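The values are calculated or read from the model by the stated rules, or taken from the named source; none is laboratory data. Every value quoted in this text rests on a predicted model; they were computed, and no experiment measured them. Virtual Cβ from ideal backbone geometry, glycine too; neighbours counted across all protein chains shown.
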Amino acid sequence: MQGLISFDVKLPDGRTYPVLVGDGAVSELASVMPEGPKRAAIVTQQEVGVEVDPGIEHRVFTVPPGEAAKKLSVVEDLAREFARWGMTRHDVVVAVGGGVVTDLGGFVAASYHRGIKVVHVATTLLGQIDAAIGGKCGVNLPEGKNLVGAFWQPSAVVCDTATLTTLPPEDFRSGMGELAKYHFLGGGQLDALPLPERVAACVKIKADVVAADEREGGHRAILNYGHTLGHALETLTAEQAGDYGGIRHGEGVAIGLIYAAEVAHALGRIDAARVDEHRRVVSAYDLDMHVPAHLATADLVGLFRRDKKAVDGITFVLDGPNGVETVMVEDEALLADCIERMR
């Protein structure tokens, strides 16, 4: 593993799992596979194009392209294929791809035989710095993103940064939107680091947050910074994709970061200089900072109420004097006004 960054994610109950980061990390997959499984189901998408060798008997299961894979019907299809192959509760899923694949693969693993082991091989920037780490997995419903899921920690995570060199520009840019949030979660000047070190720094930040709050009882919600509006933008633009094209996750998060800063400023939690700092970081990654004009404000606010953080009302993750934290926001007129100011 020479030249790779290696460390363990530590969980609250003492469990740990290894993470490998760097160019060529995928060649070390067999070295981090859990002991015991005799078969590995490789879950991936055709467009990923990354071959892996887990060092045990394995079979590739290809799921639909893009976000369309994150459906309950695909979970059922995979589980039935696993059963026909003869997979047992002692086998393992290896999810190879971006956040869609690791979300799906993790949820299938959490569900099949009431839970089998899973290893994530993240091949996109978004997957490496966020989706593959922390054990949150799930699929979408027409009513919203990630509304059906589980907490299911991986047995290992491999982040091969060489796979990022072949990403389409829009996929890499989407990952940069997620990366931008880490600047405000303790990442500081991430953009001064080489890419493998930048990825590793983000993983360590997320791992520390997960270690303090594995099941999102409170503190872990800060990882959703920028996501409330971001998820709403994804949902609405996916519905209208025939006319406008969908907003990708990281692109939505980037806009959501600026929106969260505007809401925090409107509530008196941060000053204008701090809003400008959000704009500086997001613009440095060449990301859009505007809410598309064709999306109705009322529709976006309506989706805020269905966000997974919304237990007793609309809940945002906002910056403030104590750093980033969850905040109940009851003033829907203020939320609507902040959207209008971002057109």
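Within segment 109-152, the residues that satisfy the criterion of being out of contact with any Ser or Thr (no Cβ under 8 Å at 6 or more places or on another chain) and either free of Cβ contacts under 8 Å to residues at least 24 places away in the same chain or in a strand (DSSP E or B) (or both) are VAL121, LYS136, GLY138, VAL139, ASN140, LEU141, PRO142, ASN146, LEU147, VAL148, GLY149, PHE151. Taking first residues from segment 294-308 that are exposed (fewer than 13 other Cβ atoms within 10 Å of the Cβ) and partners that are of a type in the set (Ser, Thr, Tyr), the Cβ contacts under 8 Å between residues at least 6 apart in sequence or on separate chains come to HIS294/TYR244. Checking the stated criteria, ALA284 turns out to be modelled with pLDDT under 95, within 23 Å of PHE172 (Cβ to Cβ) and surrounded by fewer than 16 Cβ atoms within 10 Å (Cβ to Cβ).
Answer with yes or no whether SER155 is touching a strand residue (DSSP E or B) at 6+ places or on another chain (Cβ under 6 Å), in contact (Cβ under 8 Å) with a residue 12 or more places away in the chain and among the hydroxyl-bearing types (Ser, Thr, Tyr).
On the way: touching a strand residue (DSSP E or B) at 6+ places or on another chain (Cβ under 6 Å): yes; in contact (Cβ under 8 Å) with a residue 12 or more places away in the chain: yes; among the hydroxyl-bearing types (Ser, Thr, Tyr): yes.
So SER155 fits the description; yes.
Residues in segment 1-53 that are outside any strand (DSSP E or B) and basic (Lys, Arg): ARG15, LYS38.
Please specify each residue of segment 4-22 satisfying the condition of being crowded, with 16+ Cβ neighbours inside 10 Å and touching a residue at least 60 places away in the same chain (Cβ under 8 Å). Spell out the reasoning first.
Initially, segment 4-22 is screened for residues crowded, with 16+ Cβ neighbours inside 10 Å, giving 4-5, 9, 11, 17-22.
Within segment 4-22, ILE5, VAL9, LEU11, TYR17, PRO18, VAL19, LEU20, VAL21, GLY22 meet the criteria.
Could you tell me whether ASP243 is acidic (Asp, Glu), modelled with pLDDT of 90 or more and part of a loop (DSSP other than H, G, I, E, B)? In short, no. Take ALA95 and tell me if it is under 17 Å from GLY134 (Cβ atoms) and either at pLDDT 95 or above or of a type in the set (Val, Ile, Thr) (or both). Yes, satisfied.
Considering each of ILE258, ILE270 in turn, give the residue that is part of a helix (DSSP H, G or I) and at pLDDT 95 or above. Before the answer, list the steps.
Numbers: ILE270 fails: part of a helix (DSSP H, G or I).
When all the criteria are applied, what remains is ILE258.
Could you tell me whether segment 160-167 includes any residue that is buried (at least 22 other Cβ atoms within 10 Å of the Cβ), among the β-branched types (Val, Ile, Thr), under 15 Å from VAL210 (Cβ atoms) and under 18 Å from the mean Cα position of the chain (by Cα)? There is no residue in segment 160-167 that is buried (at least 22 other Cβ atoms within 10 Å of the Cβ), among the β-branched types (Val, Ile, Thr), under 15 Å from VAL210 (Cβ atoms) and under 18 Å from the mean Cα position of the chain (by Cα). Exactly one residue out of VAL311, VAL253, VAL275, VAL291 is in a loop (DSSP other than H, G, I, E, B), at pLDDT 95 or above and β-branched (Val, Ile, Thr), and it is VAL291. Do we find a residue being touching a helix residue (DSSP H, G or I) at 6+ places or on another chain (Cβ under 7 Å), crowded, with 18+ Cβ neighbours inside 10 Å, over 30 Å from LEU303 (Cβ atoms) and in contact (Cβ under 8 Å) with a residue 12 or more places away in the chain anywhere in segment 168-191? No, the conditions are met nowhere in segment 168-191. On inspection, TYR259 does not qualify as surrounded by fewer than 22 Cβ atoms within 10 Å (Cβ to Cβ) and not acidic (Asp, Glu).
Being surrounded by 16 or more Cβ atoms within 10 Å (Cβ to Cβ), modelled with pLDDT of 95 or more and closer than 29 Å to GLN240 by Cβ narrows it down to one of LEU126, LEU104, so name that one. Steps first, please.
Numbers: LEU126 fails: modelled with pLDDT of 95 or more.
Being surrounded by 16 or more Cβ atoms within 10 Å (Cβ to Cβ), modelled with pLDDT of 95 or more and closer than 29 Å to GLN240 by Cβ holds for just one of LEU126, LEU104, which is LEU104.
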